[in-house]
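Read the structure below first, then the notes.
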Amino acid sequence: MKQSARTTGRLRRVDLIMPTPSENNEPDYSGRAAPDIRILVIPGKAGGQRLDATLAGLIPEFSRSRLQAWIRDGLVLCEGRVLNDPKMRLNGGERLEVRAAPPPEALADAPEADIPLEVVFEDEHILVINKQAGLVVHPGSGNWSGTLLNALLAHDPALAEIPRAGIVHRLDKDTSGLMVVARTLQAQTDLVRQLQARTVKRHYAALVMGNPPPQGTIDEPIDRHPVHRTKMAIIAGGREARTHFRVLERFRGCAWVECILDTGRTHQIRVHMAHLGFPLIGDPVYGLRRSLPIAEGFNRQALHAFQLGLRHPETGRELLWKVPLAEDFQTLLSALQQSLAD
């Protein structure tokens, strides 16, 4: 069969030849919502116009930027051939198939089996996981897929019946460590009550800049920053927040610290330690512009939830889990310890 012409430039008559199966670059919709397929016949007067501009005129309910994204994603076809250049010029008379993909937020609750999920404990009531750094917990703007919620739904499809797939507390994207997830509505209610009663024991390992006091308690209210809305800050009249800390080991210019939460506000440890003058190593939001040379390759806040304790929501038994430090955290800590010996 005759080869199809390249997709740049004006769409020529040879472009209308149906490709062989080996040439057909079909988009993969496995595990995704089916697209809304639109069949369009390009009017003759559209000859010479750009592909994206013509589609914007024919299906104005979709923005031009969204149409351009569909074109680049291979969702616009002419007689089975993918058109992936928004600037392509049309002849007029072409029959196009537009696969109107659902917006990203429509896929927020889709199971995704390819996301690594380290399960530390599970029974019919709860799951305890060791979250890796870089994994967002909840879908949201800019992260509608590839989240912990998507991984949980693949691990246990029944979690789709539980609000937020059973997630009752969260860790920041680049914080690693232990989290508990409810597998029943009753367990979720009980765990939320334990969190509200502040009986859930959450211990974190942190590497902070500077030379903090041996131990202390930071009792400062936290709320949304009044100017930078993606940040949190110490705000008078904000939500109560309390963090206990103690130094485990000191190094040149930094320290290894254990932090224990009484409350669980967004970015609590990061905000509290920065407020005290000892921001976390690698923190891109609350940290210092300068960093320690030994930590230059560490590209996240040095924070790991290593211990979690709670009362089992069904049996009432007190349970406690501990996990080792995340590999990158341990590597940096070992390097700091070695630096003292050198």
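The values are calculated or read from the model by the stated rules, or taken from the named source; none is laboratory data. This one's a predicted model, so the numbers in the text were calculated from it and none came from an experiment. Every residue, glycine as well, gets a Cβ built from its backbone with ideal geometry; the counts of neighbours run over all protein chains shown.
Structure notes:
- Test: residue in the range 301-315 that is farther than 28 Å from residue 233 by Cα and crowded, with 19+ Cβ neighbours inside 10 Å: yes
So that you can scan it fast, the table gives a plain yes or no per residue for (1) outside any helix (DSSP H, G or I); (2) of a type in the set (A, V, I, L, M, F, W, C):
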position: 160; (1), (2): no, yes
position: 164; (1), (2): no, no
position: 172; (1), (2): yes, no
position: 191; (1), (2): no, yes
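- Any chance residue 73 is buried (at least 16 other Cβ atoms within 10 Å of the Cβ) and among the acidic types (Asp, Glu): no
- Qualifying residue in the range 115-122 (condition: among the acidic types (Asp, Glu) and at pLDDT below 95): no
- Given (1) assigned to a strand (DSSP E or B); (2) under 20 Å from the mean Cα position of the chain (by Cα), number of the condition residue 113 does not satisfy: (1)
- Residue check, residue 229 buried (at least 17 other Cβ atoms within 10 Å of the Cβ), farther than 22 Å from residue 282 by Cβ and not assigned by TED's automatic domain parsing to the domain that holds residue 142: no
- Here is the figure for the range 89-98: residues that are surrounded by 18 or more Cβ atoms within 10 Å (Cβ to Cβ) and either within 30 Å of residue 162 (Cα to Cα) or out of contact with any strand residue (DSSP E or B) (no Cβ under 7 Å at 6 or more places or on another chain) (or both) total 1.
- In the range 280-310, the residues that are closer than 23 Å to residue 137 by Cα and of a type outside the set (A, V, I, L, M, F, W, C): 282, 283, 284, 286, 287, 299, 300, 301, 304, 307, 309
- Qualifying residue in the range 91-100 (condition: among the acidic types (Asp, Glu) and over 30 Å from residue 145 (Cα atoms)): yes
- Selection status of residue 274, more than 16 Å from residue 200 (Cα to Cα), surrounded by 15 or more Cβ atoms within 10 Å (Cβ to Cβ) and without any contact (Cβ under 8 Å) to a residue 24 or more places away in the chain: yes
- Residues in the range 222-263 that are of a type in the set (D, E, K, R) and over 29 Å from the mean Cα position of the chain (by Cα) were compared, and the one that is nearest to residue 295 (Cα to Cα) is 252.
- Verdict on residue 181 being crowded, with 21+ Cβ neighbours inside 10 Å and either closer than 25 Å to residue 324 by Cβ or within 15 Å of the chain's Cα centre (by Cα) (or both): yes
- Summed over the range 203-224, the residues that are in a loop (DSSP other than H, G, I, E, B) and either surrounded by 15 or more Cβ atoms within 10 Å (Cβ to Cβ) or outside the structural domain of residue 282 (by TED's automatic domain parsing) (or both) give a count of 3.
- Residue in the range 99-108 that is at pLDDT 90 or above and either of a type in the set (Ser, Thr, Tyr) or surrounded by 20 or more Cβ atoms within 10 Å (Cβ to Cβ) (or both) present: no
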